[in-house]
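Following: one structure in structure tokens, then a few remarks.
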Amino acid sequence: MKIELVPSILSSDFSQLGAQAQQAIEAGGSVLHVDVMDGHFVPNLTVGPPVVRSLRKVIQVPMDCHLMIENPDLFIPEFAEAGADWISVHQEACEHLDRTLHLISSHGCKPGVVINPATPVEMLTEVLDLVHHVLVMSVNPGFGGQKFIPNSLNKIAALARMRGERKLEFRIEVDGGVDLTTVGDVVKAGAELLVAGNAVFGHGDVRTNAAKLLETARSATFARA
Ligand code: DX5
Ligand code: ZN
């Protein structure tokens, strides 16, 4: 299992977006996380396809678009065309989740499914063989800089067990409150794609923050072995 740091641009300085994203990648970020919010599914607004299209020109690593929006089917083609590599949708926002995941694949992107803190992992039983990644929200979605919800560790561990029992290959991603104090437990529970916004962009030097977080995550891997 490859531990990867997935910087989330939500907490970056948007006047320096391209440069800050590149700094986080130079320091070890290997996937870039883009939070898309519509003011309906979550109580906040962020960015859409034009920003993905601009980032695509300067970012070489995969772009991971986390859609926190209602009716994601309406926007999936445009995000794919703008240059998204991975697209994830919330189980809670999709009436026809199977159809939506196939729609993402049909546009050449890797499909992911996301669950909120109050949604049990069992809600994903029937789609685990369709997804490239499962994203466990470890805060209620909508804002950066929130506190990690400890029960997320049980959900990550349960997904890792289900993956092993069913011999599946989906990757486990975690998003919300991942920082130097929580990343070790998150990795030990079984997550490998570590989204971090505030811990990378919220204060101090982006490169130093990203490098330190990744190093701390990787040391926890060794502890687990
Ligand atoms: C929250 C977003 C996250 C956010 C995480 O709804 O999905 O990706 O950027 O931010 P931190 O790492 O600050 O908790
Ligand atoms: Zn996110």
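Residue by residue, what Karplus-based ³J(HN,Hα) values in Hz, rounded to whole numbers, does the range 122-134 have, using 6.51, -1.76 and 1.60 with θ = phi - 60° and x for Gly and Pro?
4, 5, 9, 3, 7, 10, 4, 7, 9, 9, 7, 8, 10
Taking 0.36 nm per residue of separation and subtracting the Cα-Cα distance, what length does fully extending Ala157 through Ala223 add?
Working: separation 66, 0.36 × 66 = 23.76 nm, distance 1.60 nm.
Going from the current span to full extension adds 22.2 nm.
How large is the convex hull of the Cα atoms of the range 33-110 per residue, expressed in Å³ as a whole number?
On the way: hull volume 5.9 nm³, N = 78.
With only Cα atoms used, the range 33-110 gives 76 Å³ per residue.
Given the rule -39500 (n - 2.57) for each run of at least 4 DSSP H residues, summed and divided by the residues of the chain, what is its mean residue ellipticity at 222 nm, to the nearest 500 deg cm²/dmol? Write out the running numbers ahead of the final one.
Values: 8 runs with 81 residues, N = 225.
Helix contribution divided over all residues of the chain: -10500 deg cm²/dmol.
For the range 93-179, state which GluC sites (Glu not before Pro) are in a DSSP loop and have at most 15 other beta carbons lying within 10 Å of their beta carbon.
Numbers: sites: Glu95, Glu122, Glu126, Glu165, Glu169, Glu173; in loops: Glu95, Glu126, Glu169.
Here the GluC sites (Glu not before Pro) that fit, given the DSSP loop and packing criteria, are Glu95, Glu126, Glu169.
So for the range 71-137, what percent of the C-alpha to C-alpha distances run longer than 16 Å? Kindly include the intermediate steps, with their values, before the conclusion.
Values: 857 of 2211 pairs.
Of all Cα-Cα distances in the range 71-137, 39 percent exceed 16 Å.
Running Debye on the range 1-154 with equal point scatterers at the Cα sites and no solvent, what base-10 log of I(q)/I(0) appears at q = 0.13, 0.18, 0.20, 0.21 Å⁻¹?
With one equal scatterer per Cα and no solvent, log10 I(q)/I(0) is -0.57, -1.15, -1.43, -1.56.
In units of 2.2 N^0.38 Å, what is the alpha-carbon radius of gyration of the range 98-154?
Details: Rg = 12.9 Å, N = 57, 2.2 N^0.38 = 10.2 Å.
Cα-based Rg divided by the globular estimate yields 1.26.
Per residue Cα convex hull volume for the range 123-189, in cubic angstrom?
Numbers: hull volume 6.1 nm³, N = 67.
Per residue, the Cα convex hull of the range 123-189 comes to 90 Å³.
Which trypsin sites (Lys or Arg not before Pro) does the range 78-186 hold that lie in a coil by DSSP with at most 15 other beta carbons within 10 Å?
Working: sites: Arg99, Lys147, Lys155, Arg161, Arg163, Arg166, Lys167, Arg171; in loops: Lys147, Arg166, Lys167.
The qualifying sites are Lys147, Arg166, Lys167.
Measuring from the lowest to the highest alpha carbon on each principal axis, how far does the range 159-225 reach, largest first, in angstroms?
Principal-axis extents of the range 159-225 (Cα, largest first): 43, 21, 16 Å.
Using alpha carbons only, how many angstrom separate the centre of the range 178-225 from the centre of the range 121-171?
Taking the Cα centre of the range 121-171 as reference, the centre of the range 178-225 is 17 Å away.
Checking the table Lys167/Lys212; Lys110/Lys212; Lys147/Lys188; Lys147/Lys167; Lys57/Lys147; Lys2/Lys155 against a 30 Å threshold on Cα-Cα, which pairs fail? Before the final figure, lay out the partial values.
Values: Lys167/Lys212 33 Å; Lys110/Lys212 28 Å; Lys147/Lys188 19 Å; Lys147/Lys167 33 Å; Lys57/Lys147 33 Å; Lys2/Lys155 19 Å.
Distance filter (> 30 Å) returns Lys167/Lys212; Lys147/Lys167; Lys57/Lys147.
At Met1 and Val58, where each label point lies 7 Å from the Cα along Cα→Cβ, what is the point-to-point distance in nanometres?
Between Met1 and Val58, the simple spin-label model gives 3.4 nm.
Bear in mind that the values in this text are calculations on the coordinates, not laboratory data. These figures come from a predicted structure and were not determined experimentally. Please note: Cβ atoms are built from the backbone with ideal geometry, for glycine as well, and neighbour counts cover all protein chains shown.
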